[in-house]
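Student: Let me give you the structure first, and then I'll get to my questions.
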């Protein structure tokens, strides 16, 4: 019920963060009725058999990692906030 309600109110093409950041489908999304074992198994088997497809997915995932930046984003953000607060108090 929640899914149907959210689906009516929210219009997004993807729900997986990787796909949202990439602006394209890099990894398949199995949502609600689409999350069936046979579909997931078929996709996993295809990925295991297809070296080129797997290499392409890996390359695109590496690009997403570059876009997201180095680990520690929350610490960098906290540092920026602390710097802004320190500068504003002078």
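Student: Taking the range 1-60 as the region of interest, how many residues are surrounded by 13 or more Cβ atoms within 10 Å (Cβ to Cβ), within 16 Å of the chain's Cα centre (by Cα) and free of Cβ contacts under 8 Å to residues at least 24 places away in the same chain?
Tutor: 8
Student: In the range 68-79, what residues are in a helix (DSSP H, G or I) and exposed (fewer than 10 other Cβ atoms within 10 Å of the Cβ)?
Tutor: Selection gives 74, 75.
Every number in this text was worked out from the coordinates using simple rules, so none of it is lab data. Quick caveat: nothing in here was measured; it's all calculated off a predicted structure. As a convention, Cβ positions derive from the backbone with ideal geometry for all residues, glycine included, and neighbour counts pool all protein chains shown.
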